[in-house]
Each structure stands twice: as structure tokens, then as C-alpha cells.
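Since the structure comes first, as C-alpha cells, the remarks are kept for the end.
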Amino acid sequence: MATATLDDSILIRRFQNGDVSAIEELIRKHQNRAYQYAFRLTRSPDEAADVVAEAFVRVYKAIGSFKGESAFTTWLHRIVTNCFLDRRKKQASRPAVSLEATLNIGGSEVERQFEDDAASPHEEAERGERNIRLGEAISKLPEYQRAMIMMYHSDMLSYEEIADILDLPMGTVKSRLNRARLALRELLSDEQELFAIAA
């Protein structure tokens, strides 16, 4: 981990000293992780790609003044999170288009169906159902709660790292993460059997 931070610092310094290839190397090094994080936030491959592209444009514009007070990965997480939240604010001001449950094909209506590739035993089906329900519930959380849940539980970031990314006191991170978990639990309360939630 310390080696990765050192490598990032070297690449940043090289870019700040005029080596343009250093930023390309830095982007190549971090683009997959940034995309995975953005995808977990957006749940859309196209939107995740847009968020990451916008984030790296912001990185390119601001890296000249990057002082290294935090790790590059922490700074990148903050930028990706901000790009995601900015896009959500813009989308909230536009009307949403709802997809119909049926398709009109050749004058007749056909129910929209989704193909399930995996022919799996009961436990695998149940695990898949849990993941779907959990993903749906997470997507219903407010953006800041969704981001905190993803950073802590998916990206395995510590409270300190989240506090640094979101520029919040650690106590605030802990209380907000707890509220996000409680909100998630409430959203999943109808799924007690699937998630073994105690009433």
C-alpha cells in the first residue's frame, strides 16, 4: 500500500514537472478501480463510464496543485463521489422517463422479460434474490448515504478514509453511516425471511 502511494507521488511529481505520460500512467493505474466504484454508485455501465471520464478530467485540471496531503486514491474517491453527486443533482432537475412493464410490438403487447443465464440450485437463486433486493434498496437511499454504504461495505474503506474523502469529522461519518444502515434495514424490513432480519 505504501509502495502504491509512493508510486502515485512519483507519477504526480513527474506530471507536475512536465511529463505528460505520467498522468496517462496514473489514469491507467486507477481507471478500473474508479470505474468499479462509480458502477456501484450508479448501477449503470454507461453512467459509471461518464462519471469516471468526468472525474479524470477534473483530476487532469487539478493535479497541478495536488499537494499530497492525502493519498491520491483518497482524492480520486472524493472526485468520483462529487462527480456522481453533481450528476444526480442535474438529473433531479430533469423529468424522468419511466419504462413500461410491457412492450408494444406489432400492435400487440408483450410483457418485458429478463433472461436469467444461470441455472443454479436453490441457494444460488436465493443469494441472487438477496443481491437484487439489496441493490434495489441501496439505490433508494439518498445519494450521500448510498455513497457511504458503498465506500465502507464494498470498497472496504475505513472511517478515517471516508472522513477524508468527504471532508467530514469521523464522528459525523460514523453517525451518518449508522443512519444509512438503519435506513437500509427499514427498506429491507419486508424481506425478513430473505435477510433473516430480527423483528
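Only the coordinates and a few stated rules stand behind these numbers; no lab work does. Since the model is a prediction, treat every value here as computed from it, not as a measurement. Quick reminder, even Gly has a Cβ in these numbers, built from the backbone with ideal geometry, and neighbours come from all protein chains shown.
Local charge for Ser70 was computed over the other residues whose Cβ lies under 12 Å away, with Lys and Arg +1 and Asp and Glu -1, and equals -4. Per-residue Karplus couplings for segment 170-180, computed as 6.51 cos²θ - 1.76 cosθ + 1.60 with θ equal to phi - 60°, are listed in order as 4, x, 5, 4, 4, 5, 5, 5, 4, 5, 5 Hz, Gly and Pro entered as x. Just to confirm a number: summing +1 for Lys and Arg and -1 for Asp and Glu over residues other than Ser21 whose beta-carbon lies under 12 angstrom from that of Ser21, what do you get? Every neighbour counted, the sum reads -1.
All distinct Cα pairs of segment 1-81 go into the 1/r average, and the inverse of that average, the Kirkwood radius, is 12.8 Å. Exceedance of the 22 Å cut-off in Cα-Cα distance is limited, within the set Lys29/Lys61; Lys67/Lys174; Lys29/Lys67; Lys90/Lys140, to Lys67/Lys174.
Using the Karplus relation 6.51 cos²θ - 1.76 cosθ + 1.60 with θ = phi - 60°, the per-residue 3J(HN,Hα) values for segment 82-89 come to 5, 4, 4, 5, 5, 5, 5, 4 Hz, with x marking Gly and Pro.
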